[in-house]
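Presented below is the structure to which this report refers.
The numbers here are math on the coordinates, done by the rules we state, and not lab data. None of the values given here were measured: they were computed from a predicted structure. Cβ sites come from the backbone with ideal geometry, for glycine too, and all protein chains shown count toward neighbours.
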Amino acid sequence: MTTSDAPDESARVAALRAGIALYTIGECHAAHDPWEAVWLDLKDVVAAGEASEAVVRDEVLLHGLIQFTAAQYHARDRNWSGAVGLAESARGYLADVPDEYRGVDTAAVRDALARLRADPERVERAPAPPLPHDGGRIDPEALSLEAAGIAAEALAEEHGLDADAVADAARFAREEERVGRSRFAALLFDFVRVDTPQERRLVFDRLSGLVEQERRKEEDVAGLF
């Protein structure tokens with residue numbers, strides 16, 4: 001594999017921002033899904049020895065962030081040894097990444113990992129450390145449509161909802177965007193933004209109902225040929 005086989009720049013940025021937005025709303029376990037999907041592809045390119053410097057750095061950054069959120073998750077689950085081990089390995093991956101890279105304050109992430117490694121039980125006394133991007137908080141409303149679709153699919157997987165329906169909703173949203181419509185986009189953003197499982201389920205039901213309608217239209221059109 002070569003650098004040209006890696007996810008393009010826009011896909012890497014969308015995945016990065018989607019994961020940060022999920023972490024910001026408290027979904028630290030779901031946050032790793034957008035990063036992992038891209039990281040695995042980058043890892044294969046790096047392993048083949050054909051990666052550019054940007055691809056190598058992106059692979060290391062995403063690997064470190066994946067382990068950063070995993071360490072937070074294990075600490076919240078009171079798996080202290082798992083949290084400490086992941087915090088230590090995450091700091092190792094991020095050790096040579098510039099202090100600010102791809103808009104991420106990696107120096108602050110390393111500091112947060114050091115604190116967690118020294119005292120994993122701190123998660124029971126203090127909120128999770130922030131993960132700002134470009135110096136600010138990434139809320140769902142700040143995501144691009146591509147990133148919102150990625151985040152929504154990860155949330156569906158995390159909460160046992162039909163991720164295929166959400167993936168189709170993201171596809172229909174992109175198609176609507178080209179003609180100036182926004183039914184699917186509005187619901188995708190709502191799906192990521194809402195605060196409770198009950199609200200998210202209500203949005204999902206509306207979203208999946210629209211998806212079924214569009215799927216039937218596609219089937220009807222396909223049946224004509």
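Just to be sure I follow: if Rg is taken over the C-alpha atoms of region 178-225 and Rh is the Kirkwood radius over the same atoms, what is Rg/Rh?
Computed over Cα atoms, the ratio is 1.12.
How tilted is helix 145-158 with respect to the longest principal axis of the chain? Cα atoms for both, answer in degrees (0 to 90, nearest 10).
For helix 145-158, the angle is close to 80 degrees.
Hey, of (i) 54, 42, 31; (ii) 45, 41, 33; (iii) 62, 44, 28, which did the structure itself give for Cα extents along the principal axes in Å when calculated?
Computing Cα extents along the principal axes in Å and matching it to (i) 54, 42, 31; (ii) 45, 41, 33; (iii) 62, 44, 28 gives (iii).
Please give, to one decimal in nm, the separation of the simple spin-label points placed at Ala118 and Glu88, each 7 Å out from Cα toward the Cβ.
Computed distance between label sites Ala118 and Glu88 equals 1.6 nm.
Compute the distance from the alpha-carbon center of region 34-66 to that of region 99-127, in whole Å.
Centre-to-centre (Cα) distance: 21 Å.
Relative to the first principal axis of the alpha-carbon coordinates of the chain, what is the inclination of helix 9-24, with its axis defined by its Cα atoms, in degrees from 0 to 90 and to the nearest 10?
70 degrees
Pick from Ala170, Ala107, Ala54: which residue has the top mean-square fluctuation in a GNM of the chain where Cα pairs under 10 Å get a spring?
Result: Ala54 has the largest fluctuation of those listed.
Once a ≥ b ≥ c are taken as the square roots of the eigenvalues of the Cα gyration tensor of region 1-66, is the result rounded (a/c under 1.5), prolate (a/b larger than b/c) or oblate (a/b not larger than b/c)?
Numbers: a/c = 2.68, a/b = 2.20, b/c = 1.22.
Note, shape of region 1-66 comes out prolate.
Please grab the % of Cα pairs in region 140-225 that end up more than 16 Å from each other.
Within region 140-225, distances greater than 16 Å cover 49 percent of Cα pairs.
Quick one: net charge of Pro98's neighbours, Cβ under 14 Å, K/R +1, D/E -1?
Values: positive: Arg57, Arg102, Arg110; negative: Glu53, Asp58, Asp96, Asp99, Glu100, Asp105.
Counting the neighbours of Pro98, the net charge comes to -3.
Which three extents, in angstrom, do the Cα atoms of region 29-111 have along their principal axes, listed largest first?
So the extents along the principal axes, rounded to whole Å, are 40, 24, 19.
For the chain, what does the helix formula give at 222 nm: sum of -39500 (n - 2.57) over DSSP H segments with n ≥ 4, over the residue count, nearest 500 deg cm²/dmol?
On the way: 9 runs with 151 residues, N = 225.
The per-residue figure over the chain is -22500 deg cm²/dmol.
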